[in-house]
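> Supplied in structure tokens, the structure appears directly below.
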Amino acid sequence: MLEIRNITKRFGDVEAVNNVSLAVPKGAFLVLLGPSGCGKTTLLRMLAGLELPSEGQIVFDGQTVSDGDRNWSVDPAKRNSGLVFQSYALWPHMSVRSNVEWPLKIMKMPKSDRAARIDEVLSLLEIDQLAERYPNEISGGQQQRVAIARTIAPKPSIMLLDEPLSNLDAKLRVEMRTELMRLHRTTGATTVYVTHDQIEAMTMATHVAVMNMGCVQQFGTPTELIERPETAFVATFVGTPPNNMIPVEKTGTDCTVGGRHMPVTPPTDNCLAMYRAEALTLSQNEGETTLPMELIETSTIAGRTMLTGLNDGLRLTAVLDRPPGLRIGSLVHFCLPCQPDCWFGKDGSRIS
């Protein structure tokens, strides 16, 4: 349904998106996940037709809608796609009903059909009681529902959402995630969703593209990203809590892990060892495979306790069922398994 072929976007000397290729089937929920400035919103804007690619092609349902190599693009209004902005972008002088009706007027839908469709989508989003109110008379969460209703009213085959939950409080974000997933199942529209929140990505997506510095670091299902991260960036960006990455150096027959000598056998002279948080334990005593840390943070997650330690820039996190009674600032020893969960090269690529 959606295919991105070798897309690159440059702004002067800045390469915001670098040679990205993706393809997802009809009805997929694709999440573009990454930190601020990684290029995910720029890629979404190219999908919407608001930016022209410098190179590469974008294909919707077999039809090319953007071609950077030929400097050509289909008008955004003719792509059968809908875009929900981060700021909602509702017309302040129009009622909720009029905001939802606007795209239907543009597509010249008959008045009677418009009225029926508006009632349908307002009911679907559970905001029919707000039909005659204006944007400044409703809450942020309700404004977001109106923006989504306006987007789905013309029945787009592709929905594009640019961090639509970022302006909501934590409780409402969770509720709206559920609503968006229900809406996706109801409409069947292929959806592309931009976020920096990996919890949103892991709970909502059928497919995830993890982006960093304009490139896709890994593309796959949420389970694939968690179970087999292909780069050190993915390993430390995806997951709650993120995986621990520790530098390992080998000199002759000697080996140091996080600056301490340990009986570990790395695959190369200098690499990164990944340890999952649940694989680490804590001790109040120093051992052969322990790293001394200052305890800087504790929190409870789903009945377990997450503890974080810091030492000379190295940060480690462990998840324990029954943590020892320790205070913030205490010296603790993080115990490492004999071998890490996997290895990464100094360039961040997975080697084992």
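> Ala189: in contact with a Gly (Cβ under 9 Å, 6 or more places away or on another chain), buried (at least 18 other Cβ atoms within 10 Å of the Cβ), more than 30 Å from Arg5 (Cβ to Cβ) and hydrophobic (A, V, I, L, M, F, W, C), yes or no?
No.
> Cβ-Cβ under 6 Å, sequence separation 6+ or interchain: first residue in segment 39-65 and in contact (Cβ under 8 Å) with a residue 60 or more places away in the chain, partner in a helix (DSSP H, G or I) and surrounded by fewer than 20 Cβ atoms within 10 Å (Cβ to Cβ). Which pairs?
Ala48/Pro76
> While we're on this one: Looking at Thr317, Thr289, Thr300, which is the one that is of a type in the set (S, T, N, Q) and in contact with a helix residue (DSSP H, G or I) (Cβ under 9 Å, 6 or more places away or on another chain)?
Checking each option against the conditions leaves just Thr317.
> Among the acidic types (Asp, Glu), over 15 Å from Asn243 (Cβ atoms) and touching a Gly at 6+ places or on another chain (Cβ under 7 Å) - does that describe any residue in segment 293-303?
There is at least one residue in segment 293-303 that is among the acidic types (Asp, Glu), over 15 Å from Asn243 (Cβ atoms) and touching a Gly at 6+ places or on another chain (Cβ under 7 Å).
> Something else: Of all residues in segment 266-304, which are under 14 Å from Ala318 (Cα atoms) and among the charged types (D, E, K, R)?
If the condition is that a residue be under 14 Å from Ala318 (Cα atoms) and among the charged types (D, E, K, R), then Arg276, Glu278, Glu294, Glu297, Arg304 are the ones that fit.
To keep it simple, each residue is scored yes or no on (1) touching a Pro at 6+ places or on another chain (Cβ under 7 Å); (2) surrounded by 12 or more Cβ atoms within 10 Å (Cβ to Cβ); (3) at pLDDT 90 or above.
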| position | (1), (2), (3) |
| --- | --- |
| Pro266 | no, yes, no |
| Gly287 | no, no, no |
| Leu295 | no, yes, yes |
| Asn311 | yes, yes, yes |
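> Determine the pairs where a residue that is without any contact (Cβ under 8 Å) to a residue 40 or more places away in the chain, located within segment 162-177, has a partner that is among the small types (Gly, Ala, Ser) and surrounded by fewer than 16 Cβ atoms within 10 Å (Cβ to Cβ) with Cβ atoms under 9 Å apart, the partner being 6 or more residues away or on another chain.
So the pair list comes out as Leu168/Gly140; Asp169/Gly140; Leu172/Ser139; Leu172/Gly140; Arg173/Ser166.
> If you take the residues in segment 117-151 that are charged (D, E, K, R) and buried (at least 16 other Cβ atoms within 10 Å of the Cβ), which one is farthest from Thr187 (Cα to Cα)?
Asp128
> With the requirement that a residue be among the hydroxyl-bearing types (Ser, Thr, Tyr) and closer than 22 Å to Gly214 by Cβ, what does segment 41-97 give you?
Scanning segment 41-97 gives Thr41, Thr42, Ser54, Ser66, Ser73.
> Out of Ala116, Ala147, Ala131, I need the residue that is in contact with a Phe, Trp or Tyr (Cβ under 8 Å, 6 or more places away or on another chain) and among the hydrophobic types (A, V, I, L, M, F, W, C). Which one?
Being in contact with a Phe, Trp or Tyr (Cβ under 8 Å, 6 or more places away or on another chain) and among the hydrophobic types (A, V, I, L, M, F, W, C) holds for just one of Ala116, Ala147, Ala131, which is Ala147.
Residues are listed down the side, and each one gets a yes or a no for (1) under 27 Å from Asn80 (Cα atoms); (2) among the hydrophobic types (A, V, I, L, M, F, W, C):
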residue: Gln144; (1), (2): yes, no
residue: Thr151; (1), (2): yes, no
residue: Pro156; (1), (2): yes, no
residue: Asp162; (1), (2): yes, no
residue: Asp169; (1), (2): no, no
residue: Glu179; (1), (2): yes, no
residue: Tyr193; (1), (2): yes, no
residue: Ile199; (1), (2): no, yes
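> Select from segment 158-207 the residues that are more than 15 Å from Gly34 (Cβ to Cβ), out of contact with any Phe, Trp or Tyr (no Cβ under 7 Å at 6 or more places or on another chain) and among the polar types (S, T, N, Q) and list them in ascending order.
The answer is Asn167, Thr178, Thr186, Thr187, Thr190, Thr203.
> Give the residues of segment 72-95 that are of a type in the set (Val, Ile, Thr) and farther than 17 Å from Gly140 by Cα, sorted by residue number.
Val74
> Identify, from the list Leu336, Leu310, Leu316, Leu320, the residue that is of a type outside the set (Asp, Glu) and more than 23 Å from Arg228 (Cα to Cα).
Leu310
The values are calculated or read from the model by the stated rules, or taken from the named source; none is laboratory data. Worth saying up front: this structure is predicted, and the values here are computed from it rather than measured. Because the Cβ atoms are built from the backbone with ideal geometry, glycine has one as well, and the counts that use them run over all protein chains shown.
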